[in-house]
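Trainee: Structure provided below as structure tokens; questions to follow.
The values are calculated or read from the model by the stated rules, or taken from the named source; none is laboratory data. Small disclaimer: the values here were computed from a predicted structure and weren't measured. Glycine gets a Cβ as well: all are built from the backbone with ideal geometry, and neighbour counts include every protein chain shown. We work out accessible area using only protein heavy atoms, side chains counted, and drop any ligands, DNA or RNA first. Shrake-Rupley method; radii C 1.70, N 1.55, O 1.52, S 1.80 Å.
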Amino acid sequence: MRDNKFMSNISDPGFRFSQYTFIAPVKQEVKTITSGVNPLPPISLGAWDLFAPCSEEFKFNTPVTRSPYCGAPLNPIPGAQMHTATLANEQYDIEDEIFSLVSPVAHDPHELEIVQLHEIIQQRKLTALFQPLLDLSSGEFIGYEGLIRGPADNPLHSPANLFSAAQRQGSSLELEMLCRQIVLESFARLNLPGSLFLNISPETLTHPSFKNGQTLEFMAQLGISPERVIIEITENQPTYDFVAMRSALLHYRSMGFKIAIDDLGEGFSSLRLWSELRPEFIKIDMHFVQGVDTNPIKQQFLRSIQQIALSCGTHVIAEGVETEAELKVVKDIGIAIGQGYFISRPSPTPPLLAPSETSRIIQEADITAFPKLEFASPARESAQKLLTYIEPALPATENDAIFERFCADPALRVIPVVNNALPIGLINRANFLDAFSRPFQRELHGKKSCEHFMQPSPLLVDKDMPIEELSYFLSHAEEEHFNSGFIITEQGRYLGTSSCQNLLRELTKMQIAAARYANPLTLLPGNVPINQHIEQLLQSQTSFVACYCDLDHFKPYNDVYGYHKGDEMIQLCGRVLSWACDPKLDFIGHLGGDDFILLMQSRDWKARLEQALRAFEQAASLLFTPEHLSVGGYESEDRNNNVVFHQLTSLSIGAVPVASKQFFSHNEVSAAATQAKKMAKRTAGNSLFIDQRNHSVKTD
């Protein structure tokens, strides 16, 4: 009947009940407890009977087995008698029954979960933890997210288990309200600076008990103003009632609260929540942050979200930052706020200042050199270029009228449905005609609202969304959006529609145009992206080294060995220089012919360039005949048709360290690098020249 894992024998005949309470899973009311001392008063809690806390001492005339929830051995009490309890007119021996009722092994898992959850809620056995959020521009904490944990020695310690149990037992609202109180109390007690990110579910947000001012009154008692609290909407279930959600949030905004949406990209409808609620903060799900330094798809997703956030006036929070490399990429993309274990782990007593290592990264002016889509073309096209205006229908428009419009215009593929300038659906031509032309459908639905055949929740796209990002989102959208297309909006208001066919046509044009800015031989960025990257470095006042790399005696080699071998030499040079670059910090571009540009931020740039020269010398030797290698060159005609001896092709690199505010345009940097390259070419063989001059800082 009893398991030694949960029960222990008391050899001492004396035993005291502690402040822990009996919770008997029976529906009968506890009638009496007879003993040599006063009986325990019962407290009725629905189907449960809860004994009140008591410090009286009880004596058993024989050693008993006790639950670890109940107390500890105590010296015997003279004169005390054996206890019995009467439950529903049936007498139970305490040793055999009452202790078995409170013992975990006496219940099935469902009953045990009820006992544990009830005890946690009634005794407020929860602990608040706080994790700071870091401003990635200033390096200061802007506030803390309040988190919760159950008892450390309990299966419900983790929040996932805790809230899952509460949902199963119908106690979600009660638990969430308790968590909110404990987080607010702890935040006030610790006197933490900045804002408090307070997790609240949509169900709680729209619940009458939350809207009646109890939380505001509780905060006032603690001295916390609403302006310091960000309501962080945590979506554990789909949100259907957006009208109620918007109404509730407008109510809380009017009181001074700010809004944040958690786990963008992971929830059920977080993108629609963003467009509907216009929050001050949006949190990107950690899946897209972890490993972002090595995953170009995740990098592009973060850039896309950041672009949308800028147009909406929303601050992006990257949660789940766990490495230095992830923090650097998130910072360089331009995301405003970071959160994660690398910055600080959740703690009951969180730090007030960022760690020195984190501060160092924030203060660094380096810019990661991942390939960026904006280098593909000088001007980025937006969704507005795809817009076609179609007269929308109203929700009250009859289906007969929709049918007549489709019949009158064979090219009409969709009809948007708009209510008060806000798009609410799309009517797809093929779907509508297929359903409406069936027997008796027109007779049954002809005079009814067009909402009956409308596709709800259409894909809404802001007119300023870049086409590349639109392509990414469509690739992850439901299949129905490929058939019906999407609606283009401005601040949520209807502008027009477009189709996936239009998007594909425009993407094809852009890809053709993008090829103009990449070198076709090496596929490295060409002049336009090179100049753009230089400008980006200058504008951010980032120190870097501009390196002009040029092959010596390349024309004679091309004449002797042929253009095919000449192309192979250029491609070899591009590969060697690429290997010398730190892909996270350094940029390589191909100006054309045998000229390359490196824009290096790596601290060991000089060692990398020297290694590149050695690697090129070894690799290029494979492109010469043994005869030419033995004599160190070959004969060919010069520009005056004279046969002369030329040295083997080598690599010259001119490097110009560029300090902050030293140059103000890519033209100035290019001119300085060109001069350094000319100096390098004065030295025979593979050579590196570093311009050590202190270029004057130009001012107005």
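Trainee: Being of a type in the set (A, V, I, L, M, F, W, C) and either closer than 13 Å to Phe130 by Cα or open to solvent by less than 30 Å² (accessible area, probe 1.4 Å) (or both) is the filter; apply it to segment 143-174 and report the residue that is nearest to the chain's Cα centre (by Cα).
Mentor: Pass one, segment 143-174, residues of a type in the set (A, V, I, L, M, F, W, C): 147-148, 152, 156, 160, 162-163, 165-166, 173.
The next check asks that each one be either closer than 13 Å to Phe130 by Cα or open to solvent by less than 30 Å² (accessible area, probe 1.4 Å) (or both); those that pass are 147-148, 156, 162, 165-166.
Values: Leu147: 18, Ile148: 21, Leu156: 27, Leu162: 24, Ala165: 27, Ala166: 27 Å.
In this case the residue turns out to be Leu147.
One line per residue, one yes/no per condition, for (1) open to solvent by less than 50 Å² (accessible area, probe 1.4 Å); (2) of a type in the set (Phe, Trp, Tyr); (3) under 18 Å from Leu126 (Cβ atoms):
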| residue | (1), (2), (3) |
| --- | --- |
| Glu176 | yes, no, yes |
| Ile182 | yes, no, yes |
| Phe187 | yes, yes, yes |
| Gly194 | yes, no, no |
| Asn199 | yes, no, yes |
| Gln221 | no, no, no |
| Ser225 | yes, no, no |
| Val229 | yes, no, no |
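Trainee: Give the residue that is modelled with the highest pLDDT, with candidates limited to residues of segment 628-646 that are polar (S, T, N, Q) and out of contact with any Pro (no Cβ under 9 Å at 6 or more places or on another chain).
Mentor: Going through segment 628-646, the residues polar (S, T, N, Q) turn out to be 630, 636, 640-642.
If we keep only those that are out of contact with any Pro (no Cβ under 9 Å at 6 or more places or on another chain) too, we end up with 630, 640-642.
Values: Ser630: 91, Asn640: 80, Asn641: 81, Asn642: 85.
By that ranking, first place goes to Ser630.
Trainee: Only residues that are within 14 Å of Ala615 (Cα to Cα) and either open to solvent by 20 Å² or more (accessible area, probe 1.4 Å) or not in a helix (DSSP H, G or I) (or both): list them for segment 573-582, please. Steps first, answer last, please.
Mentor: From segment 573-582, those within 14 Å of Ala615 (Cα to Cα) are 573-581; that's our starting set.
If the condition is that a residue be within 14 Å of Ala615 (Cα to Cα) and either open to solvent by 20 Å² or more (accessible area, probe 1.4 Å) or not in a helix (DSSP H, G or I) (or both), then Arg575, Ser578, Trp579, Cys581 are the ones that fit.
Trainee: Scan segment 585-618 for residues that are closer than 18 Å to Ile570 by Cβ and open to solvent by less than 10 Å² (accessible area, probe 1.4 Å) and report the count.
Mentor: Within segment 585-618, the subset closer than 18 Å to Ile570 by Cβ is 588-598, 612-613, 615-618.
Then drop every residue that is not open to solvent by less than 10 Å² (accessible area, probe 1.4 Å), which leaves 589-590, 596, 598, 612, 616.
Number satisfying all stated conditions: 6.
Trainee: Now a separate question. Does Met245 satisfy being open to solvent by less than 20 Å² (accessible area, probe 1.4 Å), more than 17 Å from Arg180 (Cβ to Cβ) and modelled with pLDDT of 75 or more? If you could, list the steps in order and put the result at the bottom.
Mentor: Working: open to solvent by less than 20 Å² (accessible area, probe 1.4 Å): yes; more than 17 Å from Arg180 (Cβ to Cβ): yes; modelled with pLDDT of 75 or more: yes.
Criteria met by Met245.
Listed here are the residues, each with its yes/no results for (1) closer than 28 Å to Leu310 by Cα; (2) within 43 Å of the chain's Cα centre (by Cα); (3) at pLDDT below 90.
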| position | (1), (2), (3) |
| --- | --- |
| Thr397 | no, yes, no |
| Val417 | no, yes, no |
| Asn428 | no, yes, no |
| Lys447 | no, no, no |
| His452 | no, yes, yes |
| Leu470 | yes, yes, yes |
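Trainee: Taking the criterion of being buried (at least 19 other Cβ atoms within 10 Å of the Cβ) and in contact with a Leu (Cβ under 6 Å, 6 or more places away or on another chain), would at least one residue in segment 422-443 satisfy it?
Mentor: no
Trainee: For the condition aromatic (Phe, Trp, Tyr), out of contact with any Phe, Trp or Tyr (no Cβ under 8 Å at 6 or more places or on another chain) and modelled with pLDDT of 90 or more, what is the one hit in Phe486, Phe432?
Mentor: Details: Phe432 fails: out of contact with any Phe, Trp or Tyr (no Cβ under 8 Å at 6 or more places or on another chain).
Unique residue meeting the criteria: Phe486.
Trainee: Look through Val330, Val316, Val292 and report the one residue that is crowded, with 22+ Cβ neighbours inside 10 Å and in contact (Cβ under 8 Å) with a residue 40 or more places away in the chain.
Mentor: Details: Val316 fails: in contact (Cβ under 8 Å) with a residue 40 or more places away in the chain; Val292 fails: in contact (Cβ under 8 Å) with a residue 40 or more places away in the chain.
Criteria check complete, one pass: Val330.
Trainee: Continuing with the same structure: How many residues are open to solvent by 30 Å² or more (accessible area, probe 1.4 Å), more than 20 Å from Lys677 (Cα to Cα) and either touching an Asp or Glu at 6+ places or on another chain (Cβ under 9 Å) or not acidic (Asp, Glu) (or both) if we restrict to segment 539-570?
Mentor: Looking only at segment 539-570, we keep the residues that are open to solvent by 30 Å² or more (accessible area, probe 1.4 Å), and these are 539-541, 543, 553-555, 558-561, 563-565, 567-568.
Okay, now just the ones that are also more than 20 Å from Lys677 (Cα to Cα), so 539-541, 558-561, 563-565, 567-568.
Restricting the remaining residues to those that are either touching an Asp or Glu at 6+ places or on another chain (Cβ under 9 Å) or not acidic (Asp, Glu) (or both) gives 539-541, 558-561, 563-565.
Looking only at that region, the number is 10.
Trainee: Moving on. For His315, all conditions in the list (1) touching a helix residue (DSSP H, G or I) at 6+ places or on another chain (Cβ under 6 Å); (2) modelled with pLDDT of 80 or more hold save one; what is the number of the exception?
Mentor: (1)
Trainee: Which count do you get for residues in segment 405-432 that are farther than 21 Å from Phe486 by Cβ and in a helix (DSSP H, G or I)?
Mentor: Just the residues of segment 405-432 that are farther than 21 Å from Phe486 by Cβ, to begin with: 407-408, 410.
Of the ones still in play, those that are also in a helix (DSSP H, G or I) are 407-408.
Of the residues in segment 405-432, 2 are farther than 21 Å from Phe486 by Cβ and in a helix (DSSP H, G or I).
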